[in-house]
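The values are calculated or read from the model by the stated rules, or taken from the named source; none is laboratory data. Every value quoted in this text rests on a predicted model; they were computed, and no experiment measured them. Cβ atoms come from the backbone with ideal geometry, glycine included; neighbour counts cover every protein chain shown.
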Amino acid sequence: MIPRGQYMLIRDKGPAHVRLGTILLFLTPWLVSLIVLWYGPIFYTIGLSFMKYRLIGGGHYIGLDNYIETFTDPFFWKGLSNTFVFTAMFIPANFVLGLMTAWLLSSDIPAKGLFRSIIYIPAVLPVIAILVLGKFLFYPNGLVNSFLDIFGLPGPFWLANPKLIKPTSVMLMIWQCGTAMVIYLGALKAVPNHYYEAAEIDGLGRFGQFMRITIPLISPTIFFRAVMDLIFGLMIFIPGLVLPEGNVPGGPGNASRYYALHLYEKAFQRFNLGEASTLATILIIISFLITFLIMKTSERFVHYEA
Amino acid sequence: MKRAFLVVFIVVLISTGLWANGKAESTDPDGPVTLTYWHLWGGSRTALVDNLIADYTAIHPNVTIEATFTPPNELLKKVVQAAGTGTLPDVVQIHSGWYQDLMPEMTLTNLDDYLKADNIVIEDILVGAEASRSYYNGSVYSLPNVNAGAQGLFFYNKDLMKKAGMDPVADAPTDWDSFLEVSKTLVEELNDDQLNVIAWDPYQMAGQPATIIFSYGAGFPTVSDDGKKSQFNDPGVLATARAFEEYVDTVYGKFGGYRAILEWNSRIAGADTGAAQVQAFINEGQAFYVSGSWTIGQVKSGNENMDFGIIAVPGFNGPHGATAKHGWSYALSGTSENKQAAYEFLKFITIDEDGNGAFCIAQGRPSPITATNQDPSFTAMGDMWTNLVLSMNRDIVPVAPDIHMDIVKPWLRDVPNRRMFGESIEDIYASIHLQYQDYLDDLD
């Protein structure tokens, strides 16, 4: 016996029930797009990864050859390590900047609405626009080096130095910390004020309140942002294409040859769709494993309210 | 109601299918025909393409040409994707070096029978190197649109040579040693502490990378004849890299070597693209420039007052000429539904003096059509033109290796960056060799 008032997926025309057909009808657009546009291509890509497949001329099954080829390719490992290094720099940088700006702008400072808008605007700009603008800033005689010159500091070759290209990319990508800021702002607003009042009575300072109240209470949001930034970091691509000195994709010296750029070149410059699909499949597995690992261990540092 | 919807749906489906299948080739030669056409001529040259189309449709009023411009750096991707999905336009611009990517037997129209039916022997019409690059596996699959055989011309600014106290004719470099000497004198005479005027940047990218122009000129190709093996590890190719290293040390060592050129690029050329670098030659920020014949028109229109000359490239073993075997061409789609009409248009924009000949003359660049190169507007250039034609006819590339310039270029452009931060030239070339071999394997 089904209790009254509950929705049931049964073929019953009773007023308290929703017909299965109606539910499916409303779900269809989403289900179709999920299957056709998401799962379909994923499984198709996995299938292609076992084939020698070029855009012209079709393909044939070659077993694990693409995987062997990929794991013995030095540029695969280079792309992977570059991507991990970028991600390892980007996540904390975006977290600190996003949270700090949100924290500052959640307090009572004058013209905070204006500051919020100013910080958020880059988040709605296309990444390519930010990078092209950033490229002019970081040229040998660009604005950044001209500024350093005022203090008598020699400006480095930001875009030509293999050691500086990734930090420069991170500096430009965190211009878009406005998205993180908005999310953190929402989370900070949701922290009940009486916690702070109680802490103040107990003599806890601003920093202590931030570390012991704010951070634990917004930890689900921090966790969410970290996962999003991780996925973003693993897919990083455009800085490697646009930024390097001399318009050298992946340069200088392959220091910005990110995984996704390597995949892009395999697929769309060399049209080796089989190996490109292998790279995509490996990336899916890596993303899944890392996310799974984080989810599994998240209980230790994420505090959900009871 | 459901049945009514079903009937409407089926009717729509059938009618759409019938319409799609109904686009069969018109059998009436004078009937209306619409041809789709992709080209890469942007900027001021779009107007020349428009003129070309207008001239053709004036003679063939039944033909409508739907032209689409695609920038050169996007064209390969677009063309291969269209070829793979059977959606190439009737007439498509390709680079003859893309044959390997395009698998012409599957995607393009073999032009042998069309040419035979017209009694056309392309060797009788075209400059030798241009005719030979039209072939793939013994058949003609494309016809040249502009000259490719004159890449690797040495442009030099006569005024800057005079300013540096040299005679622009007698002191013009003829081989590598004299080039080194002239460059050093010029840079020292025209600069104080900061490098404002350079002689030449060996890692500039104009058409082909200079490494390829010079190493091919010395007889050391960067890829095997069958196009399957990278030869960037070849001692001869490495010798070119070391010679460039010597050039940078000798000419710019006093100013800071690679670092000084990089700063110059940023400060004087304005950016790091090939377009900005030709602009530096036009603006007289650099005295020498190794580029193709298309640069003549660019320089003339960019700086009317500049007195410049063209000579053969001062190579390691003396002057050498062209290195490019491949260049821009047009081909017919293998799936075109209007092949005959498309072929007629193709002829006009490739081997016809009134069509492509006029297109090349308007740009002031040599034509793949031999007869067009006798045009008075060309021959009036005197020695410059004679040197250029001489260079064009020195096709020194052995067979037809596909250089895949777009792939190799960025890696070579990266050499100064990598050198500046401590990588040895041997390590850099070893890594380029690996990368190029990986690329060639991907094509196989």
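Condition check ((1) over 27 Å from B:A47 (Cα atoms); (2) polar (S, T, N, Q); (3) within 14 Å of chain A (Cβ to nearest Cβ); (4) under 22 Å from the mean Cα position of the chain (by Cα)) across all residues:
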| position | (1), (2), (3), (4) |
| --- | --- |
| B:V63 | no, no, no, no |
| B:K78 | no, no, yes, yes |
| B:G86 | yes, no, yes, no |
| B:Y114 | yes, no, no, no |
| B:D118 | yes, no, no, no |
| B:E123 | yes, no, no, yes |
Looking at this structure, is B:T64 in a loop (DSSP other than H, G, I, E, B), at pLDDT 75 or above and among the polar types (S, T, N, Q)? no
Filter the range A:49-62 for residues that are hydrophobic (A, V, I, L, M, F, W, C) and farther than 21 Å from B:L102 by Cβ; which is farthest from the chain's Cα centre (by Cα)? A:I62
Tell me the residue from B:P89, B:P72, B:P32 that is modelled with pLDDT of 95 or more and either buried (at least 23 other Cβ atoms within 10 Å of the Cβ) or not polar (S, T, N, Q) (or both), please. B:P89
Just give me the residues in the range A:22-46 being surrounded by 12 or more Cβ atoms within 10 Å (Cβ to Cβ) and more than 26 Å from the chain's Cα centre (by Cα), in sequence order. A:I23
With the requirement that a residue be in a loop (DSSP other than H, G, I, E, B) and more than 14 Å from every other protein chain (Cβ to nearest Cβ), what does the range A:135-172 give you? A:F151, A:G152, A:L153
Could you tell me which numbered condition B:Y252 fails, if it satisfies all but one of (1) surrounded by fewer than 23 Cβ atoms within 10 Å (Cβ to Cβ); (2) in contact (Cβ under 8 Å) with a residue 60 or more places away in the chain; (3) among the hydroxyl-bearing types (S, T, Y)? (1)
In this structure, is B:L102 more than 23 Å from A:Q269 (Cα to Cα) and crowded, with 19+ Cβ neighbours inside 10 Å? no
From the list B:F220, B:F214, exactly one residue is in contact with an Asp or Glu (Cβ under 8 Å, 6 or more places away or on another chain) and of a type in the set (F, W, Y). Which is it? B:F220
Of A:M228, A:M211, the only residue that is out of contact with any Pro (no Cβ under 7 Å at 6 or more places or on another chain), closer than 18 Å to A:F84 by Cβ and free of Cβ contacts under 8 Å to residues at least 40 places away in the same chain is A:M228
Those residues that are charged (D, E, K, R), in contact (Cβ under 8 Å) with a residue 40 or more places away in the chain and part of a loop (DSSP other than H, G, I, E, B), I need them from the range B:135-192; list them, please. B:D175
Looking at (1) modelled with pLDDT of 95 or more; (2) part of a loop (DSSP other than H, G, I, E, B); (3) β-branched (V, I, T), find the lone condition where A:V191 falls short. (1)
For the subset of the range B:356-389 comprising residues that are assigned to a loop (DSSP other than H, G, I, E, B) and aliphatic (A, V, I, L, M), which member is surrounded by the most Cβ atoms within 10 Å (Cβ to Cβ)? B:M381
Verdict on B:G219 being within 14 Å of another protein chain (Cβ to nearest Cβ), surrounded by fewer than 21 Cβ atoms within 10 Å (Cβ to Cβ) and on the phi > 0 side of the Ramachandran plot: no
Among the candidates B:K339, B:K325, B:K347, residue that is among the charged types (D, E, K, R) and modelled with pLDDT under 90: B:K325
Condition set within 7 Å of another protein chain (Cβ to nearest Cβ) and not acidic (D, E), scope the range B:415-430, selection nearest to B:K228 (Cα to Cα): answer is B:R418
Residue ID - farthest from A:T101 (Cα to Cα), chosen from residues in the range A:111-139 that are of a type in the set (F, W, Y) and in contact with a helix residue (DSSP H, G or I) (Cβ under 7 Å, 6 or more places away or on another chain): A:Y139
Quick one: count up the residues across the range A:146-182 that are of a type in the set (S, T, N, Q), surrounded by fewer than 21 Cβ atoms within 10 Å (Cβ to Cβ) and touching a residue at least 12 places away in the same chain (Cβ under 8 Å). 2
Residues within the range B:75-91 that are of a type in the set (V, I, T) and either touching a helix residue (DSSP H, G or I) at 6+ places or on another chain (Cβ under 6 Å) or on the phi > 0 side of the Ramachandran plot (or both), tallied: 2
In this structure, does A:A226 turn out to be farther than 21 Å from A:E299 by Cβ, in contact with a helix residue (DSSP H, G or I) (Cβ under 7 Å, 6 or more places away or on another chain), not in a loop (DSSP other than H, G, I, E, B) and not hydroxyl-bearing (S, T, Y)? no
Given (1) assigned to a loop (DSSP other than H, G, I, E, B); (2) modelled with pLDDT of 85 or more; (3) touching a helix residue (DSSP H, G or I) at 6+ places or on another chain (Cβ under 7 Å), number of the condition B:V397 does not satisfy: (2)
Which residues, counting only those in the range A:191-209, are closer than 14 Å to A:L99 by Cβ and loosely packed, with under 15 Cβ neighbours inside 10 Å? A:F207
For the range B:431-444 the number of residues that are hydroxyl-bearing (S, T, Y) and at the interface with another protein chain (Cβ under 9 Å from one of its Cβ atoms) is 2
Sort out which residues of the range A:33-76 are within 14 Å of chain B (Cβ to nearest Cβ), in contact (Cβ under 8 Å) with a residue 24 or more places away in the chain and of a type in the set (F, W, Y), and write them in order of number. A:Y53, A:F75, A:F76
Quick one: what pairs do we get from the range A:105-124, first residue under 20 Å from A:W175 (Cβ atoms), second exposed (fewer than 11 other Cβ atoms within 10 Å of the Cβ) and modelled with pLDDT under 90, C-beta under 8 Å, 6+ apart or different chains? A:F115/A:I109
Here is a list: A:L241, A:L261. Which entry is under 30 Å from B:A206 (Cβ atoms) and modelled with pLDDT of 95 or more? A:L261
